[in-house]
Structure formats: structure tokens, C-alpha cells
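Novice: Sharing a structure below in C-alpha cells format, with a few things to ask.
The values are calculated or read from the model by the stated rules, or taken from the named source; none is laboratory data. The structure presented is a predicted model; accordingly, all values stated were derived computationally and were not measured. Because the Cβ atoms are built from the backbone with ideal geometry, glycine has one as well, and the counts that use them run over all protein chains shown.
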Number of protein chains: 2
Amino acid sequence: MRNVLLTIAYDGAGFHGWQRQPGVRTVQGTLEEALARVTGQDIALAGTSRTDAGVHALGQRATLRGDFGIPTDRIAAAVNNLTKDVKILAAEDRPEGFHARFNATGKTYIYRMTILDDREEKAQAARIFLRNYRYLLKTAPNTDKMYEAARAIEGTHDFASFRAAGGADAESTVRTVHRVGMMQTDEEGPGGARLTEISIEVTGDGFLYNMIRIIAGTLLEAGLGKRNPAGIPDVIGARDRARAGHTAPASGLYLKKVYFENDGNE
Amino acid sequence: MRNVLLTIAYDGAGFHGWQRQPGVRTVQGTLEEALARVTGQDIALAGTSRTDAGVHALGQRATLRGDFGIPTDRIAAAVNNLTKDVKILAAEDRPEGFHARFNATGKTYIYRMTILDDREEKAQAARIFLRNYRYLLKTAPNTDKMYEAARAIEGTHDFASFRAAGGADAESTVRTVHRVGMMQTDEEGPGGARLTEISIEVTGDGFLYNMIRIIAGTLLEAGLGKRNPAGIPDVIGARDRARAGHTAPASGLYLKKVYFENDGNE
């Protein structure tokens, strides 16, 4: 049985998330359909992350098991010919026992926010083009305060306060966040609007349901003076979802990279 | 009878162009529907530019005539509440005889191209996010040659070679292009890909059907060494569509600004 590891990017705006569901367009469903046409077989993909509706991916991974005939190095071009807003970036053979989800040792997500002053006409035009790709803010947060809050997130903690109901039940809510990086960049938007983007890059061994979006919402509230960054350890200690910040919207979230031990090679 | 001049921005990706048509989603149709809900009346908009499917606008203009009750300064907020990918940026009273199309004295369009090296994995991911908003090129054109070709476009010429069949028949094919500006910027795309954007900004007294897209295609061919920039005057002189370059895709085109004498105030 062949086992091929795919690297996948998609614009989440047009999908109801990763996971195949009847009656709606999903990333997994769209890829499986294209793979069925390319291989002539029914094929089930196992993705690393079951990203929600509207969430984007720059480096999702998925394993593809079967006895299909197409050479591994032709899979990407053949599938990409059939798809527009999801593309296979790479396809590599892996040992039969390897699984994109169970063998993942970590992930990096990026959360992107853009500050747009609505009183400026150009900013309003930019808003239209960015609405599916950023969390659009009207007020600039204090990034020093966000940075301070970010430091308290790093480390091994019980992140029950940062887990939304509705995901698959995880046995343990303890996770290790290796790093919460922040970057601020100025850019020119469509029509010449001056925009400031704040992006948060979070790397960890795994994340609970909506955990990155709740971290982003909580850091933002610290930056906007709605909560004290020094209070984050108490929020973590409470193990109570109501104590953490709001869930930032899906539009700002990008799955950037998935890590495997030895990249999945034995 | 009131006459209100609207400034409008839209993401063209989700529309079959400006002009109302049965059975498809258009900008005019979407706005007229929202205006009907806001005013309680059937309202016909007269837009300056009947942009094609996929073409974007940062500053489309349209006039709205009728005896509706809503104050002019509340129109934008009321309509924008009902719409997502098209927004009214401004609404201003104008004299009864003023018409957004017939009184326009000029327009500026931007044509945006991005160079993406497909051999780089990050560039492939960026391609997904930019596909509806740029003309994506695999090879970098020589911008000096494009600039030289651009100089030959400026001025008052018979632009029959730069007119596609299929638009409304213009009586005359003579137009004045005041300026063809070019700008090159480096930017960081989603996932950290290094991208180079080349944008062409064209201002003129009016444009024939697909004229900007044919100018963009022709300049690009000069930049890629597929035609001699010194041959552009002959292309213009031939009055033959087959002599000019290809029609660059709609995704790269943005209507930036419309000009009126005295901005339409008497």
C-alpha cells in the first residue's frame, strides 16, 4: 500500500472548513474529488488539522493511502489542474504506518490583524479586499502590552481556558506553546491606503479547539487595555473558558507549517 | 427630484460585472436591491463605468435619482449594512441634470501584475490568495522596455487597435491618454514569499472596451521581449485589433477614480 504525504495550501474563504461534510464545499471533499478523477479510485485523505470554515492554510499536510497508479511526482500537477483555491504544493512518499495527524509533533499558525481607520475613505475600500483574509481592527492596540501577554502564554500549561466547546473532545488540555512571536508591518493597501498589520505566530506541540483564535482575542484585549497582561497566568490557572478573551474571527487564521519527527521519514 | 452621486468600491471577484443582468449577481443589481430595501422604492443606478466580470473598483461613481426620504448622509451606512463585497464610500447631492456617465471627464485605472516564481513553494501558496486580484506572471518583464512602450501610448490617438469587439459601439475611437504611470514594489506575500508587483496606472478622458487590459497586455509583451516598444506607434496607426497585444485578465484591473468638471457641482 502506498502512502503519500501531501503539503497543501488553500484560501479558506470559499470552503466550509477542511472536513468532508455532505452538501457543502470543503477542502477535504474538493481534494478527494479531484484525487478520485486523477487516480480513478475512491480515496480518503487524512489531514493534520481539521481547520474551520474560513481558516486558510499555507502548509496543511495530509496523507493519501492506496494502490493508485499515478507516480508521486505527478500528483500535484494533475490535481492542481482541477482546482483553483486549493493547491497541492508537494507530494512525497512515506512509510506505510505514517499518518499526517497522529504523527505530527507540532504546528505553526499565523494570526493576521490589520488596523484600518474607517474615517479614511481609502481604508474603507481596502476593507472590502481584506475582509476574508484578516481580522480588521478600527483601533490600534498597544503591541507592548500584547507582547507581555504573549510571554505568559508560552510554556507548558493546562489551556482549558483557551478551548472552545464543539471540537472533538481532547483527553488532556495540557499543551506546550513553544513560541508566540509578534510582527508589525506597514503596508500599502489597494487604492493607496496606509495599513498596519500585526501578525501573531504561534508554534506548539498541538492546539485545542479554537485555541489560537482565543489566544489572539485575548492578546488583542490586552493590547486594547481591556484586560491586564499580568492577569494571563490567573486566566490560565482558572481552567474556565469564560475567563479568556473573545474568539478572534476565522478570517485571520493561517495554518503555516506542520512538523513531524524526521519529517515523517523513518 | 433628488440626484445623489455615490462613490463605490467593490471586490469584483464575486460579481458578473457592474451591469444588472437577470439570473446573475452583479454590482448594480446588488446595490439596487439594497437601495430598494433602504428607500422602499424601485431605484435605478447610472454607473460611470460598466466594468466587466472580475474587475474591481476603488472609486466607481454612480448617480441615484428619485424622491426617496432617506437623508443623503445616511445612505452609505444603511446600504453598507446590507452588503459585504461592495460598499458605498460617499454620497453627495448633485444638481438634477448631472449624470455619472455622461458628465465624466476622465478616469484613472490601475492594472496590477505580480511576479511569482512557481518553482518556489511559498510562491505557489501566494498564488492562491492573489489569483482574483492580480495578473500573475511567471517571468519578470523588463520594466524599462514597458516604460518605453508606455510613452508611445500617451497622447491623443485613434485607439481602434486597442478596442475589443463586444462592448457598446463607440462613435469615435479617438481618445486622449493623459498619463501611463508605472510603479514597481517588492512585498511579502502570505507565508513569507517575496513578491514583486508591477502596477500600471492609466489616466485618460475615456477608454474603449477592454482598452486598459489590451494596453497592459501590450506593455507586458514589450517587457517580455515579444514585441519591440519602438513598434507601438505603428500598432496604433494600423487601427487593427490583431496588431496590439493580448487582453490581460480582468483580475488585475481596478477602477481607481472618476473625474468630473468641478466634481459635478454647478
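Novice: Inspect all residues belonging to the range B:184-197 and state whether any of them is buried (at least 17 other Cβ atoms within 10 Å of the Cβ) and within 18 Å of B:THR247 (Cα to Cα).
Specialist: No: the range B:184-197 contains no residue that is buried (at least 17 other Cβ atoms within 10 Å of the Cβ) and within 18 Å of B:THR247 (Cα to Cα).
Novice: Find all pairs meeting these conditions: Cβ atoms under 6 angstrom apart; at least six residues apart or on different chains; first residue within the range A:252-264 and away from chain B (no Cβ under 12 Å) and at positive phi; second residue surrounded by 18 or more Cβ atoms within 10 Å (Cβ to Cβ) and among the charged types (D, E, K, R).
Specialist: Close Cβ pairs satisfying both conditions: A:GLY264/A:ARG94.
Novice: Something else now. Say we look at the range A:221-235 and pick out the residues that are in contact with a helix residue (DSSP H, G or I) (Cβ under 7 Å, 6 or more places away or on another chain) and buried (at least 20 other Cβ atoms within 10 Å of the Cβ); which of these is nearest to A:HIS178 (Cα to Cα)?
Specialist: Ranking the candidates gives A:ILE232 first.
Novice: What is the residue count in the range A:237-254 for residues that are hydrophobic (A, V, I, L, M, F, W, C), more than 18 Å from the chain's Cα centre (by Cα) and outside any loop (DSSP other than H, G, I, E, B)?
Specialist: Filtering the range A:237-254 for residues hydrophobic (A, V, I, L, M, F, W, C) gives A:238, A:242, A:244, A:248, A:250, A:253.
So of that shortlist, the ones also more than 18 Å from the chain's Cα centre (by Cα) come out as A:238, A:242, A:244.
Still in the running and outside any loop (DSSP other than H, G, I, E, B): A:238, A:242.
Counting residues in the range A:237-254 that are hydrophobic (A, V, I, L, M, F, W, C), more than 18 Å from the chain's Cα centre (by Cα) and outside any loop (DSSP other than H, G, I, E, B) gives 2.
Novice: Suppose we filter A:GLU187, A:GLU120 for residues that are within 14 Å of chain B (Cβ to nearest Cβ), touching a residue at least 12 places away in the same chain (Cβ under 8 Å) and of a type in the set (D, E, K, R); which single one remains?
Specialist: On inspection, the qualifying residue turns out to be A:GLU120.
Novice: Looking at the range B:33-53, is at least one residue within 17 Å of B:GLU92 (Cα to Cα) and within 14 Å of chain A (Cβ to nearest Cβ)?
Specialist: No, there is no match, as no residue in the range B:33-53 is within 17 Å of B:GLU92 (Cα to Cα) and within 14 Å of chain A (Cβ to nearest Cβ).
Novice: Moving on. When the range A:202-236 is examined, which residues are found to be over 12 Å from the mean Cα position of the chain (by Cα), closer than 17 Å to A:ARG112 by Cβ and β-branched (Val, Ile, Thr)?
Specialist: A:ILE214, A:ILE215, A:THR218
Novice: Out of everything in the range A:131-140 that is under 22 Å from the mean Cα position of the chain (by Cα) and not polar (S, T, N, Q), what residue ends up being nearest to B:LYS87 (Cα to Cα)? Before you say what the answer is, go through the steps one by one.
Specialist: Step one: filter the range A:131-140 for residues under 22 Å from the mean Cα position of the chain (by Cα), giving A:131-137.
Next, from what is left, pick out any that are not polar (S, T, N, Q): A:131, A:133-137.
Values: A:ARG131: 12, A:TYR133: 17, A:ARG134: 18, A:TYR135: 18, A:LEU136: 15, A:LEU137: 17 Å.
Top of the filtered list is A:ARG131.
Novice: Let me ask another. Condition first: under 21 Å from the mean Cα position of the chain (by Cα), assigned to a loop (DSSP other than H, G, I, E, B) and in contact (Cβ under 8 Å) with a residue 60 or more places away in the chain. Now tell me which residues in the range A:142-165 satisfy that.
Specialist: A:PHE159, A:ARG163, A:ALA164, A:ALA165
Novice: May I ask you to list the residues in the range B:54-74 that are surrounded by 21 or more Cβ atoms within 10 Å (Cβ to Cβ) and within 14 Å of chain A (Cβ to nearest Cβ)? Walk me through it before giving the result.
Specialist: Applying the first criterion (surrounded by 21 or more Cβ atoms within 10 Å (Cβ to Cβ)) to the range B:54-74 yields B:55-64.
Residues satisfying the conditions are B:VAL55, B:HIS56, B:ALA57, B:LEU58, B:GLY59, B:GLN60, B:ARG61.
Novice: Tell me, please, whether a residue that is within 13 Å of another protein chain (Cβ to nearest Cβ), touching a Lys or Arg at 6+ places or on another chain (Cβ under 8 Å), on the phi < 0 side of the Ramachandran plot and surrounded by fewer than 21 Cβ atoms within 10 Å (Cβ to Cβ) can be found in the range B:86-102.
Specialist: yes
Novice: Out of the residues in the range B:123-141 meeting the condition of being under 22 Å from A:ASP11 (Cβ atoms) and in a loop (DSSP other than H, G, I, E, B), tell me which one is farthest from the other protein chains (Cβ to nearest Cβ). Write out each step before concluding.
Specialist: Our first condition is that a residue be under 22 Å from A:ASP11 (Cβ atoms); within the range B:123-141, this holds for B:123-138.
From the residues that got through so far, the ones that are in a loop (DSSP other than H, G, I, E, B) too are B:131-134, B:138.
Numbers: B:ARG131: 7, B:ASN132: 9, B:TYR133: 7, B:ARG134: 11, B:LYS138: 14 Å.
Looking at residues that are under 22 Å from A:ASP11 (Cβ atoms) and in a loop (DSSP other than H, G, I, E, B), I get B:LYS138.
Novice: Of all residues in the range B:82-97, which are within 25 Å of the chain's Cα centre (by Cα) and farther than 26 Å from B:ILE110 by Cα? So that I can check it myself, show each step before the final result.
Specialist: Taking the range B:82-97 first, the residues within 25 Å of the chain's Cα centre (by Cα) are B:82-94.
Residues satisfying the conditions are B:LEU82, B:ASP93, B:ARG94.
Novice: For the range B:257-266, enumerate the residues that are modelled with pLDDT of 95 or more and surrounded by 22 or more Cβ atoms within 10 Å (Cβ to Cβ).
Specialist: Within the range B:257-266, just B:VAL258 meets the criteria.
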